[in-house]
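Asks: Have a look at the structure that comes next, please.
The values are calculated or read from the model by the stated rules, or taken from the named source; none is laboratory data. This structure is a prediction, so every number in the text was calculated from the model and none was measured. So basically every Cβ, Gly included, is an ideal-geometry build from the backbone, and we count neighbours across all protein chains shown. These area figures cover heavy atoms from the full protein model, side chains too; ligands, DNA and RNA do not enter into them. Shrake-Rupley method; radii C 1.70, N 1.55, O 1.52, S 1.80 Å.
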Amino acid sequence: MDFYTCHEGLHLSYEEALTRRDEQSGRWYNLSTHFPWVGMRTSNPAGAHVEYFRGIANPIALKIGPAMTPEMLRRLLDALDPRNEPGRLTLIHRFGCEQIAAGLAPLIDVVRASGRTVLWCADPMHGNTRLTAEGVKTRRFEEILSELEQAFDIHAAAGSRLGGVHIELTGENVTECIGGARGLAEEDLGRAYKSEVDPRLNYEQALEMAMLIARKMTALGGR
């Protein structure tokens with residue numbers, strides 16, 4: 001069985017220590033993961049992280065969100081995918097359900113104008129993180145779904161295609177995200193809250209989300 005891994009290339013000293021040159025092709029590869037991505041905190045086009053990613057031959061991704069301007073994205077496309085290699089660059093957008101309508105379409109236009117072939121992926125989890133009155137980090141199922149449905153519609157309206165979804169989930173019966181078919185509420189979070197970083201969909205919520213994605217794709221004609 002083949003396993004493929006991905007992570008944010010945040011700590012450059014770690015990534016650089018595991019970067020090697022392929023003698024046959026002469027290209028450099030990050031061997032710490034198959035698929036590293038540039039996070040929103042390190043996406044400065046003139047920064048060290050973008051310079052490092054520019055030099056490796058792995059397929060790579062770039063997180064984009066409300067702070068990403070069209071001009072900034074143009075510069076990042078030029079730096080990270082200068083040869084327009086299909087499969088080279090994935091754009092993972094994470095806006096939050098309240099900001100995606102205004103923020104995503106202009107960035108799709110920038111990519112189309114550049115003539116580049118990228119893979120678009122939605123991350124509807126991170127932009128919809130909330131704190132309860134008691135300070136517990138959680139996410140609401142309906143907000144995750146709202147951002148995802150809007151993403152499909154915005155891409156379809158722009159003649160683009162949403163090619164993937166990034167969702168944090170677990171097969172365990174945790175209570176970290178609110179909502180879903182079982183109707184988990186804030187008072188249920190303490191029953192089985194196990195994450196120390198990011199709230200995850202439990203197995204029921206994940207299956208429900210998968211079915212809703214399938215229905216949305218069917219409604220859009222497979223787009």
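Asks: For region 57-79, enumerate the residues that are open to solvent by less than 10 Å² (accessible area, probe 1.4 Å) and over 25 Å from Ala157 (Cα atoms).
Replies: Result: Asn58, Ile60.
Asks: Next up: Which pairs turn up if I take residues in region 98-115 that are charged (D, E, K, R) and look for partners that are surrounded by 14 or more Cβ atoms within 10 Å (Cβ to Cβ) and assigned to a helix (DSSP H, G or I) with beta carbon separation below 9 Å, at least 6 apart in sequence or on another chain?
Replies: Qualifying pairs under 9 Å: Glu98/Gly127; Glu98/Asn128; Glu98/Glu143; Glu98/Ser146; Glu98/Glu147.
Asks: Another question about this same structure. Keeping to region 1-45, report how many residues are open to solvent by 70 Å² or more (accessible area, probe 1.4 Å), touching a residue at least 12 places away in the same chain (Cβ under 8 Å), hydroxyl-bearing (Ser, Thr, Tyr) and out of contact with any Ser or Thr (no Cβ under 8 Å at 6 or more places or on another chain).
Replies: Residues that pass the stated criteria total 1.
Asks: Let me ask another. Go through region 80-95 and give me each residue that's surrounded by fewer than 16 Cβ atoms within 10 Å (Cβ to Cβ) and either out of contact with any Pro (no Cβ under 6 Å at 6 or more places or on another chain) or basic (Lys, Arg) (or both).
Replies: Pro82, Arg83, Asn84, Glu85, Pro86
Asks: Any residue at all in region 54-63 that's touching a residue at least 60 places away in the same chain (Cβ under 8 Å), under 14 Å from the mean Cα position of the chain (by Cα) and closer than 24 Å to Pro106 by Cα?
Replies: So far as region 54-63 goes, yes, one or more of its residues are touching a residue at least 60 places away in the same chain (Cβ under 8 Å), under 14 Å from the mean Cα position of the chain (by Cα) and closer than 24 Å to Pro106 by Cα.
Yes/no matrix, rows are residues, columns are (1) at pLDDT below 95; (2) assigned to a loop (DSSP other than H, G, I, E, B):
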| position | (1), (2) |
| --- | --- |
| Ile154 | no, no |
| Ile178 | no, no |
| Arg182 | yes, yes |
| Val197 | yes, yes |
| Met209 | no, no |
| Arg215 | yes, no |
| Thr218 | yes, no |
| Gly222 | yes, yes |
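Asks: Are any residues in region 31-47 touching a helix residue (DSSP H, G or I) at 6+ places or on another chain (Cβ under 6 Å) and of a type outside the set (Ser, Thr, Tyr), and if so, which ones?
Replies: If the condition is that a residue be touching a helix residue (DSSP H, G or I) at 6+ places or on another chain (Cβ under 6 Å) and of a type outside the set (Ser, Thr, Tyr), then Val38, Pro45 are the ones that fit.
Asks: Can you name the condition, by its number, that Glu23 falls short on among (1) of a type in the set (D, E, K, R); (2) farther than 30 Å from Ala192 by Cβ; (3) within 13 Å of the chain's Cα centre (by Cα)?
Replies: (3)
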